[in-house]
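The values are calculated or read from the model by the stated rules, or taken from the named source; none is laboratory data. This is a predicted model, so every value here is computed, not measured. A quick note on method: Cβ atoms are made from the backbone with ideal geometry, for glycine too, and the neighbour counts reach across all protein chains shown.
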Amino acid sequence: MTWIGQRVVRKDALEKVTGRARFAADLFVPGMLRVRVVRSPVARGRIRSIEASRAREVPGVVTVLTARDIPGRNCVPVVLDDLPLLAAEEVRFHGEPVAVVAAETEAAAEEGARRVVVEVEELPPVLDPLEALKPGAPCLWGNDNVFKRWHVRRGDVDQALARADLVVSGTYRTPYQEHAYLEPQGMLAVPCPDGGLEVTGSMQCPFYVREGVATVLGLPLAAVRVVQATTGGGFGGKEDVPSIVAGQAALVAWKTGRPARLIYTREEDILSMSKRHPGFVESRYGFTRDGILVAADVRYILDAGAYATLSPVVAWRGTVHAVGPYRCENVRVETLAVATNKVPCGAFRGFGSPQVLFAAESQMDEAAHRLGLDPVEIRRRNALRDGDVTPTGQRLRAEVGLSEALERVALASGWAEKRSRPPSPGPKRYGIGCSVVHYGVCLGAGGRNLDRAGAFVQVMYDGSAIYAVGTTEMGQGMHTVLAQIVAEELGLPYEAVRPVASDTHMVPDSGPTVASRTTVMSGNALREAAAPIRRTLQEVAASLLGVDDPTTVRLENGKAFAADGRTVGYGDVLHRCFLERRHLASSGLAVSPETSWDPETGAGEAYITYAFAANVVEVEVDVETGEVEVLRVHAAHDIGRAINPTGVEGQIEGGSAQGLGYALLEEVLHDAQGRMVNHRFSTYLIPTARDVPPIHAHIVEHPTEVGPYGAKGFGEQPLMGIAPAVANAVFHATGVRVREIPITPERLWRALRAGGGR
Amino acid sequence: MTLVVNGQRVTTDADPCLRLLDFLREGLGLTGTKEGCGEGECGACSVLLNGRLVNSCLVLLGQCEGAEILTIEGVAAGGDLHPVQKAMMEVGAIQCGFCTPGLVLAAVALLAEHPDPDPATIRRAIEGNLCRCTGYVKVEEAIRRAAG
């Protein structure tokens with residue numbers, strides 16, 4: 001291997017470090033209108049009127065558009081298609097879009113938006129999913145407010161719990177989490193002379209945006225071209241909701257015939273864009289006295305917010321991951337995604353799993369404590385291994401690196417010695433905790449019809465090459481890894497391979513850039529696309545070298561090698577290709593292996609493979625103030641094969657930091673009327689450089705047969721197990737089990753005062 | 001009014017109530033300076049004003065009479081990358097890149113004052129620059145490398 005496993009410099013490093021990279025807000029085209037959105041001032045009500053005459057008086061305001069101006073369907077298409085682009089008759093959450101204002105300048109658009117008066121007959125909002133489930137609650141969806149229910153039913157849970165030596169029960173709560181990508185949402189829509197529309201902007205999923213724009217404008221998919229601009233972070237927050245931003249900008253462009261650009265402010269971005277679902281988990285686990293997990297009974301409620309959007313599939317992933325990476329033959333999981341009058345929740349790194357894993361990994365820690373076992377030891381005894389069956393009944397191939405990951409972090413952190421340290425005197429108490437998780441790679445049975453990806457590759461006659469894929473670079477390093485793959489497959493220098501911006505007109509629908517699927521799916525698609533070009537290069541090189549069997553010719557770094565060591569350079573090979581008019585461009589399509597899911601029992605092959613991780617977190621807790629200082633994180637991830645170890649470490653470090661924010665700081669709050677109160681960076685706090693401790697990333701490689709060179713996707717996994725590891729470390733430090741995150745000083749101080757701690 | 005941006009004298013009759021951020025981005029086309037929050041919390045709009053790190057979303061153009069402004073476009077003005085930029089590329093301190101220009105300027109300001117900063121000093125110097133991708137681990141490493 002020449003390029004696989006190398007720490008090459010990112011493809012986009014130079015343009016980003018010099019400030020030349022162009023994000024959505026950096027796009028300016030002549031005659032461009034600026035767009036702002038008018039939003040619901042209340043959480044729930046009927047729209048009586050939308051009065052825009054005073055807005056139209058503002059100099060520079062060109063138009064004010066409402067639901068009535070939408071030429072196609074007033075719908076943002078995702079799963080149940082229940083979210084309107086602009087609210088028409090009723091509003092269901094504070095900040096819901098009602099109208100758009102377009103003007104010659106940002107200032108005029110902003111002033112115009114301020115002057116639009118939305119008169120709403122207020123209705124009492126439903127803010128708590130547990131209230132929404134009670135009989136007699138106002139109906140927000142169907143007759144029970146449940147968007148979606150999922151089940152796992154395996155073995156005999158009641159009997160296993162009755163026979164267990166130990167039953168551990170707990171109720172766990174997790175908050176709304178905001179993605180806080182540094183670049184706010186933004187889109188530019190430009191009408192084309194041929195009657196079509198081009199949309200460029202910040203996004204994870206160009207094909208979702210294309211469908212969204214075509215739906216609201218009533219256009220064929222081929223008339224809408226969507227190109228990704230440099231995208232400043234996503235984390236799931238630019239999965240489905242960019243279709244909203246694009247639809248709003250596109251509506252203006254369509255109605256005015258002029259380019260229209262919409263850049264969200266941070267406030268409206270936090271107020272109205274998707275979030276991580278608040279979670280509520282009731283959990284009962286049964287164990288033998290040796291610490292073997294024999295039963296898991298989990299009820300998991302997700303607060304979906306006002307519209308279903310991605311909640312049905314988020315709830316599915318949460319269901320599959322609900323019991324964590326353990327053998328367990330008696331499993332009952334019931335998951336409900338419930339409607340409330342708050343901002344709709346969607347995709348966020350982990351996709352419904354971090355909430356339920358906080359419960360699962362706290363339960364395991366509690367069981368270890370009650371049985372007098374070391375927390376690493378109880379995980380060692382239950383951890384999934386090669387050939388084991390998952391809690392949903394899927395048998396694993398020999399691709400399981402969980403035990404190795406666990407031993408790596410235990411050793412590297414000095415677990416055994418630190419765990420047995422005597423309690424520190426004084427108010428500062430040391431603690432160390434751990435967690436293990438698994439991650440189902442790609443969309444799995446919950447999104448099997450979407451799980452394909454296209455690619456295009458072309459080699460130029462000078463030895464440079466371009467490639468295009470339909471998945472996106474949002475910072476995670478996709479283009480670096482994919483360029484390494486193209487270079488490897490075609491024997492080119494990495495530097496010679498250039499990515500093309502993700503563009504719906506370049507490749508077929510490649511599904512979304514989510515589910516940690518990009519390295520696997522686009523990587524496989526590129527290998528497929530490169531294969532015929534590679535064969536051509538081998539054939540031509542073979543004839544130049546006088547070799548009979550072209551398959552024996554090795555291509556590497558701009559040279560072709562015969563088996564006897566003779567070489568010919570790509571200059572000669574490609575010149576010959578030119579003279580012979582050879583075809584050096586090709587497309588490829590990767591289709592995910594089959595998956596399955598029985599809706600009654602959850603049985604089946606849920607995912608094509610799994611990544612695994614183990615985390616150790618060390619803390620110091622001030623028992624007088626409730627403050628938790630994280631001293632160190634060790635995180636080991638089995639990712640199959642690291643195509644770029646630097647990128648892998650970056651994912652582990654960044655994901656762990658985001659997990660620490662989730663554990664200790666981050667929480668979107670609403671007032672009693674359902675209005676969000678902390679939609680700013682001054683009130684919604686994310687970790688700064690001083691909040692994040694040293695994070696030690698460890699790479700474990702148990703290759704999978706389904707990924708390129710054995711690689712598994714894993715970008716979400718680093719966040720998933722951090723919160724329970726922190727809570728378990730706090731338990732070790734204080735003797736207080738915190739079952740609700742974030743563990744703010746106030747929350748911990750109250751728990752310490754309530755007693756139970758040391 | 002007159003100010004110096006990236007070593008070039010600029011004379012303008014733009015509204016002195018414009019945010020420096022908007023003047024740089026829309027007036028001068030220097031879009032490397034980013035807007036992440038508009039309230040001085042994220043540091044994506046960091047520039048150096050007379051050598052001091054400021055959030056350009058909180059500075060009005062009228063406050064910049066005669067001032068020297070350095071933006072990301074001026075950091076490698078001679079064509080050579082600053083050691084901080086080189087180190088950030090080498091160690092992998094860049095992911096989405098939206099916070100990167102601000103972080104580069106924070107690091108440039110730090111190294112001008114402390115040529116050999118310890119990790120705690122580095123963390124203090126960049127605490128006003130939010131990054132959601134990297135966890136700051138490789139950013140700190142890059143600044144140490146640039147200093148060393």
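For the condition within 14 Å of chain B (Cβ to nearest Cβ) and in a helix (DSSP H, G or I), residue A:107 qualifies. How about the range A:588-607: which of its residues are touching a strand residue (DSSP E or B) at 6+ places or on another chain (Cβ under 8 Å) and crowded, with 18+ Cβ neighbours inside 10 Å? Selection gives A:588, A:590, A:592, A:602, A:606, A:607.
When the range A:544-580 is limited to residues that are under 23 Å from residue A:4 (Cα atoms) and among the charged types (D, E, K, R), the one that is surrounded by the fewest Cβ atoms within 10 Å (Cβ to Cβ) turns out to be A:554.
Of the candidates A:62, A:17, A:100, the single residue that is within 29 Å of residue A:668 (Cβ to Cβ) and touching a Leu at 6+ places or on another chain (Cβ under 9 Å) is A:100.
How many residues does the range A:478-505 hold that are assigned to a loop (DSSP other than H, G, I, E, B), within 24 Å of the chain's Cα centre (by Cα) and surrounded by 18 or more Cβ atoms within 10 Å (Cβ to Cβ)?
Going through the range A:478-505, the residues assigned to a loop (DSSP other than H, G, I, E, B) turn out to be A:491-493, A:500-502, A:504-505.
From what is left, the residues that are within 24 Å of the chain's Cα centre (by Cα) are A:500-502, A:504.
With surrounded by 18 or more Cβ atoms within 10 Å (Cβ to Cβ) added as a condition, the list becomes A:502, A:504.
Residues in the range A:478-505 being assigned to a loop (DSSP other than H, G, I, E, B), within 24 Å of the chain's Cα centre (by Cα) and surrounded by 18 or more Cβ atoms within 10 Å (Cβ to Cβ): 2 in total.
On the stretch given as the range A:609-627, residues that are within 14 Å of chain B (Cβ to nearest Cβ) and either surrounded by fewer than 24 Cβ atoms within 10 Å (Cβ to Cβ) or under 22 Å from the mean Cα position of the chain (by Cα) (or both) total 1.
Would you check if there is a residue in the range A:628-649 being farther than 22 Å from residue A:723 by Cα, away from every other protein chain (no Cβ under 14 Å) and part of a loop (DSSP other than H, G, I, E, B)? Within the range A:628-649, one or more residues are farther than 22 Å from residue A:723 by Cα, away from every other protein chain (no Cβ under 14 Å) and part of a loop (DSSP other than H, G, I, E, B).
Among the residues of the range A:650-677, those identified as in contact (Cβ under 8 Å) with a residue 12 or more places away in the chain, more than 10 Å from every other protein chain (Cβ to nearest Cβ) and charged (D, E, K, R) are A:666, A:667, A:675. For the range A:677-755, the helices (runs of 4 or more DSSP H) that sit wholly inside it and include 2 or more residues that are within 27 Å of residue A:426 (Cβ to Cβ) are A:722-734, A:745-753.
Only one of B:108, B:47, B:54 is under 30 Å from residue A:203 (Cβ atoms) and within 11 Å of the chain's Cα centre (by Cα). Can you tell me which?
Working: B:108 fails: under 30 Å from residue A:203 (Cβ atoms); B:54 fails: under 30 Å from residue A:203 (Cβ atoms).
Every option except B:47 fails the conditions.
Kindly provide the set of residues from the range A:388-431 that are modelled with pLDDT under 95 and of a type in the set (Gly, Ala, Ser), ordered by number. Once the filter is applied, which keeps residues that are modelled with pLDDT under 95 and of a type in the set (Gly, Ala, Ser), the range A:388-431 yields A:420, A:424, A:426.
Note on the range A:580-608: residues that are part of a loop (DSSP other than H, G, I, E, B), more than 24 Å from the chain's Cα centre (by Cα) and hydrophobic (A, V, I, L, M, F, W, C) amount to 2.
Of the helices (runs of 4 or more DSSP H) lying entirely inside the range A:149-267, those carrying at least 2 residues that are of a type in the set (S, T, N, Q) and either crowded, with 20+ Cβ neighbours inside 10 Å or away from chain B (no Cβ under 13 Å) (or both) are A:242-256. Evaluate the following for residue A:702: is it touching a Gly at 6+ places or on another chain (Cβ under 8 Å) and more than 14 Å from every other protein chain (Cβ to nearest Cβ)? Yes. So which residues in the range B:15-39 are in a helix (DSSP H, G or I) and among the acidic types (Asp, Glu)? Hits for the range B:15-39 are B:22, B:26.
For every residue, the table says whether it meets (1) among the β-branched types (Val, Ile, Thr); (2) within 14 Å of another protein chain (Cβ to nearest Cβ).
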{"residue": "A:473", "(1), (2)": "no, yes"}
{"residue": "A:477", "(1), (2)": "no, yes"}
{"residue": "A:482", "(1), (2)": "no, no"}
{"residue": "A:486", "(1), (2)": "yes, no"}
{"residue": "A:490", "(1), (2)": "no, no"}
{"residue": "A:512", "(1), (2)": "no, no"}
{"residue": "A:516", "(1), (2)": "no, no"}
{"residue": "A:521", "(1), (2)": "no, no"}
{"residue": "A:527", "(1), (2)": "no, no"}
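Of the residues in the range A:454-474, at least one is part of a loop (DSSP other than H, G, I, E, B), surrounded by fewer than 24 Cβ atoms within 10 Å (Cβ to Cβ), of a type in the set (A, V, I, L, M) and over 27 Å from the mean Cα position of the chain (by Cα). Only a single criterion out of (1) under 26 Å from residue A:345 (Cβ atoms); (2) crowded, with 24+ Cβ neighbours inside 10 Å; (3) in contact (Cβ under 8 Å) with a residue 60 or more places away in the chain is not satisfied by residue A:91, namely (3). If you go through the range A:379-424 and pick out every residue that is of a type in the set (A, V, I, L, M, F, W, C), in contact (Cβ under 8 Å) with a residue 60 or more places away in the chain and buried (at least 17 other Cβ atoms within 10 Å of the Cβ), you end up with 9. Screening residue A:52 against (1) more than 14 Å from chain B (Cβ to nearest Cβ); (2) surrounded by fewer than 24 Cβ atoms within 10 Å (Cβ to Cβ); (3) within 19 Å of residue A:244 (Cα to Cα); (4) touching a strand residue (DSSP E or B) at 6+ places or on another chain (Cβ under 8 Å) leaves a single unmet condition, (3).
Can you confirm whether residue A:72 is under 34 Å from the mean Cα position of the chain (by Cα) and farther than 18 Å from residue A:249 by Cβ?
On the way: under 34 Å from the mean Cα position of the chain (by Cα): yes; farther than 18 Å from residue A:249 by Cβ: no.
Judged against the criteria, residue A:72 is not a match.
Applying the criterion of at least 1 residues that are touching a residue at least 60 places away in the same chain (Cβ under 8 Å), out of contact with any Cys (no Cβ under 7 Å at 6 or more places or on another chain) and not aromatic (Phe, Trp, Tyr) to the strands (runs of 3 or more DSSP E) found wholly in the range A:506-570 leaves A:554-556, A:559-561.
Would you confirm, using the coordinates I've provided, whether residue A:44 is buried (at least 24 other Cβ atoms within 10 Å of the Cβ), of a type in the set (Lys, Arg) and more than 14 Å from chain B (Cβ to nearest Cβ)? It is true that residue A:44 is buried (at least 24 other Cβ atoms within 10 Å of the Cβ), of a type in the set (Lys, Arg) and more than 14 Å from chain B (Cβ to nearest Cβ). Scanning the range A:1-19 for residues that are facing chain B (nearest Cβ under 7 Å) and of a type in the set (D, E, K, R) turns up A:10, A:12, A:16.
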